[in-house]
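Reviewing the structure listed below.
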Amino acid sequence: MHYDVIIVGSGPAGIFAALELLSGDKGLKVLIIEKGMDIDERVCPLKTREVSCRACRECALLSGWGGAGAFSDGKLNLSPEIGGFLSRYVVEDDLKSLIGYVDDVYRRYGAPDRVYGEDTSELKRLQKLSSMNDLVLIPSRIRHIGTDRCKDLLKRLREVVNAKADLVFRMDVKKVLVNGGRAMGVRTSDGQEYYGDFVILAPGREGSRWLEAEAKAIGLSLLKNPVDIGVRVELPASVLEHLTSVTYEPKLIFYSKRFDDKVRTFCVNPHGEVVKEYLKGLWTVNGHSYSSSKTDNTNFAILVSTYFTEPFDEPISYGRYIGRLANFLGQGVILQRLGDLQLGRRSTPERISRGLVEPTLKDATPGDLSFVIPYRYLTDILEMLEAMDRIAPGVNSRHTILYGVEVKFYSRQLKLSNALETEIGNLFAIGDGAGVSRGLVQASASGVIAAREVLRRRGNV
Ligand SMILES: Cc1cc2nc3c(=O)[nH]c(=O)nc-3n(C[C@H](O)[C@H](O)[C@H](O)COP(=O)(O)OP(=O)(O)OC[C@H]3O[C@@H](n4cnc5c(N)ncnc54)[C@H](O)[C@@H]3O)c2cc1C
């Protein structure tokens, strides 16, 4: 069967590319190949029985219809500065209207009406307070779908796409087929070849290593990437309430005094919970919040980005190395009271139980993060907590809990045109896997960009 367009991956990037291609009655033949499972089958076995996380061929939490975002917190970041790098490819006004377009689709399929971060006078006051204390507050507008609503929203999208496209699940694409400098299809792990006029690669972070290897194999240029290393911080929700009630996700930036490193908050979850994340042999930490059930705590990450200089060029291995050290010492994720870290002693179960913050992640080992996190990062993190304490007293409390480590990898960026086409004709690379996005909205928007270019070339617009 010959397709007009083949899409690899059914995360937000792939889904939005498909939606755009299939909208109206253009009669395009579209195939989506996904290595994970369909949305209803995506159940992590850890929820129901004691198994090793290594047991699954593909992680049900990260792979399948909806991609990594399916069980995410569903925070739709509506500010162009946040959640990706599309501003490198699209001028600001176009990016804003693209984000508005994507947001409308999410709302049509079930995202709630409320947007956080629209009280500009209150935001200005908080920005002023931040700048008086060595911090920069990036204004962000956020619509919060909530982990519990994400699945229904994705099921509705699934119905629409399934009515017009062919979907193949549990099948990974191994090879991009190229002929005379143009993409002509893909080969899957069972040896089957699928042919198409256009190929859109949307493999997410889950497939970024495959994409990097495949890009090298077909001669595409790769750009340099950083790695983000830090901790997840958990404290009473009341400490950040005056910020989270205005912006939901306060994005704060701080330049450390000792190293002049850029340090930032990331993924703030008001009244949320801290969770473990399994990244192919490595336990790291993350957080989310539900729209219906709330905890008394708020959590957020503090991250430091590092671009390594020549000759070192393995940021992912470096990040994994630090993460593995925490796993080695703590048999998983380590947690520590900030006061214990400041006093140079490990946390113990007794010290944690005497603390005023009850950890929401029960499956973490009380320990000492100073044995894991390099001095430079630790100094940056401690300095930022002090600065934050000046705008939100209580952040630097000895009862604040730190979990380590949180590591964020960037996928290797490919050299792309403004329409997100690779150096091979009719081959597009979008979403987190191609390094153009880092969140739901920009991943989705990147799908729209590629699809519109395909439609333009086919004369459909
Ligand atoms: C725990 C968690 C919470 C998050 N919370 C938020 C949030 O609140 N807000 C936000 O904006 N972002 C959030 N994110 C990030 C967000 O989920 C991603 O930015 C987004 O899903 C990226 O979309 P994507 O389509 O590029 O990739 P993905 O969503 O990763 O989808 C890629 C898909 O491609 C498939 N695939 C990979 N390789 C192949 C192959 N070779 N063959 C076939 N299929 C393949 C994968 O199985 C996957 O299903 C969160 C992520 C996680 C993990």
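Points to keep in mind about this one:
- Of the residues contained in the stretch 3-24, none is found to be touching a residue at least 60 places away in the same chain (Cβ under 8 Å), part of a loop (DSSP other than H, G, I, E, B) and over 20 Å from the mean Cα position of the chain (by Cα).
- Complete set of residues in the stretch 253-300 that are in contact with a Phe, Trp or Tyr (Cβ under 8 Å, 6 or more places away or on another chain) and at positive phi: Cys267
- Selection status of Ser411, outside any loop (DSSP other than H, G, I, E, B), within 16 Å of the ligand (Cβ to nearest atom) and among the polar types (S, T, N, Q): no
- Residue, farthest from the ligand (Cβ to nearest atom), within the stretch 189-234, restricted to residues that are within 26 Å of the chain's Cα centre (by Cα) and among the hydroxyl-bearing types (Ser, Thr, Tyr): Ser221
- Residue in the stretch 184-192 that is at pLDDT below 95 and among the charged types (D, E, K, R) present: no
- Within the stretch 316-329, residues that are hydrophobic (A, V, I, L, M, F, W, C) sit with their Cβ atoms under 8 Å from residues that are buried (at least 17 other Cβ atoms within 10 Å of the Cβ) and part of a helix (DSSP H, G or I), at 6+ positions apart or across chains, in these pairs: Ala326/Leu369.
- All conditions but one from (1) surrounded by fewer than 20 Cβ atoms within 10 Å (Cβ to Cβ); (2) over 20 Å from Thr400 (Cβ atoms); (3) over 16 Å from the mean Cα position of the chain (by Cα) apply to His271; the one that does not is (2).
- The residues on offer are Gly404, Gly447, Gly431, Gly425, and the sole one that is closer than 30 Å to Ser23 by Cα, more than 14 Å from the ligand (Cβ to nearest atom) and either modelled with pLDDT of 95 or more or not charged (D, E, K, R) (or both) is Gly425.
- So Glu122, is it out of contact with any Asp or Glu (no Cβ under 9 Å at 6 or more places or on another chain), assigned to a loop (DSSP other than H, G, I, E, B) and not aromatic (Phe, Trp, Tyr): no
- Residue identified as surrounded by 13 or more Cβ atoms within 10 Å (Cβ to Cβ), at pLDDT 95 or above and more than 16 Å from the ligand (Cβ to nearest atom) among Lys29, Lys35: Lys29
- Residue pairs whose Cβ atoms lie under 7 Å apart, separated by 6 or more positions or on different chains, with the first residue in the stretch 101-129 and farther than 20 Å from Asn269 by Cα and the second of a type in the set (Gly, Ala, Ser) and surrounded by 17 or more Cβ atoms within 10 Å (Cβ to Cβ), are Val102/Ser444; Val102/Ala445.
- Every listed requirement among (1) surrounded by fewer than 19 Cβ atoms within 10 Å (Cβ to Cβ); (2) out of contact with any helix residue (DSSP H, G or I) (no Cβ under 8 Å at 6 or more places or on another chain); (3) modelled with pLDDT of 95 or more; (4) farther than 24 Å from Gly272 by Cα is met by Asp380 save one, (1).
The values are calculated or read from the model by the stated rules, or taken from the named source; none is laboratory data. Treat the numbers as computed from the prediction; the structure is a model and nothing was measured. Note: ideal-geometry Cβ built from the backbone for every residue, glycine included; neighbour counts use all protein chains shown.
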